[in-house]
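Let me begin by presenting the structure, written as structure tokens, before commenting on it.
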Amino acid sequence: MMHFGTWTLWVWRKKGIGNLTDNRDTIFLHAFIAVFFLGIWIEILQSMTSRAMDWTDILANMTGAILAWKFWLRFENKWSVYQW
């Protein structure tokens, strides 16, 4: 859920609520890449503590970002704040 929210906040930061833009797919991709590297960075930091780095956690992080992307694509035309 954290990466779902992080992806959404990244898109809102780049897009702005209610603003129209022509580069929706680029913003979505940049948000995904940012969340991907954030997830890897968190796992690296965890490996420096008593917790082990786990690739399944990275996969779960990416699942959250992908679900946010799919959710946005599904509902972006339903609410005016999401329309491009």
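Would you pick out the residues in segment 33-62 that are of a type in the set (S, T, N, Q) and touching a His at 6+ places or on another chain (Cβ under 8 Å)?
Result: Asn61, single match.
Condition first: at pLDDT below 80 and buried (at least 17 other Cβ atoms within 10 Å of the Cβ). Now tell me which residues in segment 15-40 satisfy that.
Result: Lys15, single match.
Residue pairs, Cβ under 7 Å, 6 or more apart or interchain, first in segment 5-28 and at positive phi, second in a loop (DSSP other than H, G, I, E, B) and at pLDDT below 75. List them.
Within 7 Å, no pair qualifies.
One residue is enough: does segment 52-71 have a residue meeting the conditions polar (S, T, N, Q), outside any helix (DSSP H, G or I) and either without any contact (Cβ under 8 Å) to a residue 24 or more places away in the chain or over 22 Å from Trp10 (Cβ atoms) (or both)?
Looking for residues that are polar (S, T, N, Q), outside any helix (DSSP H, G or I) and either without any contact (Cβ under 8 Å) to a residue 24 or more places away in the chain or over 22 Å from Trp10 (Cβ atoms) (or both), one finds none in segment 52-71, hence no.
The values are calculated or read from the model by the stated rules, or taken from the named source; none is laboratory data. Computed from a predicted model, the values in this text were never measured in an experiment. Don't worry about glycine lacking a Cβ; one is built from the backbone with ideal geometry, like all the others, and counts go over all protein chains shown.
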